[in-house]
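The values are calculated or read from the model by the stated rules, or taken from the named source; none is laboratory data. Owing to the predicted nature of the structure, the values given are computational and were not obtained by experimental measurement. Note that each Cβ is placed from the backbone with ideal geometry, even for glycine, and that neighbours are counted across all protein chains shown. Calculation scope for accessible area: heavy atoms of the full protein, side chains included, ligands and nucleic acids excluded. Shrake-Rupley method; radii C 1.70, N 1.55, O 1.52, S 1.80 Å.
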Amino acid sequence: MSPGEVPVYSTGGRLKAMERRVKIGEVVLRLAMCGLGVLTCALIGTDTEVRTIFSLEKKAKFSDMRALVFLVIANGIASGYSLIQGVRCLVAMSRGSVLFNKALAWAIFSCDQVMAYVLLAAVAAAMQSAVLGEFGQPEMQWMKICNLYRKFCNQVGEGLVSSFLASLSMVTISFVSAFNLFRLYGTNKGRGSSSYTVGM
């Protein structure tokens, strides 16, 4: 057994089958998160609308709102990260490896937590900006703009829905990575009659 590898004991193939189902679920979630993140970037990053107001042309684009820029960047980074992790999971499954060493498990857990929090923060900031755009803030004399740029706001709304689903996927992934990490420290680690050792 190589340094860093974790022996996992089981009473048969039942645990190994469960490990494989968890890994398949993780792959599906990571690829779904990647797809939703890319969709968010495409919807918001390409969103523009030109209106003529008092003979002046005004163009609304996502870069006019910093919250939307943050949302696009966060989704782009999270999508790339999820794609890399999804490929890692597929390679591990094709090699027959299910579990991994503790250092890698801690790194993946930490990165998943950071990505989940960043995505949630980006979605929350963008939703706040969207509410201001839709309803304004009369008390502070901030006018609503979605009555002027309806197409732009509708497409931003679609991007926000996609990003919200992506953030939910990332939160679920963070639970899976927490499970993958903390089972390596489980009380049943030393019990059972058979074992298999896996590493990455």
Matching residues, the stretch 122-146, being within 28 Å of the chain's Cα centre (by Cα) and free of Cβ contacts under 8 Å to residues at least 12 places away in the same chain: ALA124, VAL131
VAL161 vs. criteria in contact with a Phe, Trp or Tyr (Cβ under 6 Å, 6 or more places away or on another chain), in a helix (DSSP H, G or I) and not acidic (Asp, Glu): no
Residues being open to solvent by 80 Å² or more (accessible area, probe 1.4 Å) and in contact with a Cys (Cβ under 9 Å, 6 or more places away or on another chain) - total across the stretch 126-143: 1
Unique residue being in a helix (DSSP H, G or I) and among the aliphatic types (A, V, I, L, M) when the list is LEU148, LEU181: LEU181
Considering residues of the stretch 161-175 that are open to solvent by less than 10 Å² (accessible area, probe 1.4 Å) and under 8 Å from the mean Cα position of the chain (by Cα) only, the residue farthest from GLN128 (Cα to Cα): ILE173
Filtered residues of the stretch 24-74 (kept if on the phi < 0 side of the Ramachandran plot, open to solvent by 30 Å² or more (accessible area, probe 1.4 Å) and among the polar types (S, T, N, Q)): THR46, THR48, THR52, SER63
Qualifying residue in the stretch 77-100 (condition: outside any helix (DSSP H, G or I), more than 17 Å from THR46 (Cβ to Cβ), modelled with pLDDT under 85 and open to solvent by 60 Å² or more (accessible area, probe 1.4 Å)): yes
Count - residues of the stretch 42-76 that are touching a residue at least 60 places away in the same chain (Cβ under 8 Å), of a type in the set (Val, Ile, Thr) and in a strand (DSSP E or B): 2
Options ALA124, ALA74, ALA60; residue that is over 26 Å from ARG183 (Cα atoms) and touching a Leu at 6+ places or on another chain (Cβ under 6 Å): ALA74
Single unsatisfied condition, TYR149 versus (1) in contact (Cβ under 8 Å) with a residue 60 or more places away in the chain; (2) open to solvent by 60 Å² or more (accessible area, probe 1.4 Å); (3) of a type in the set (Phe, Trp, Tyr): (2)
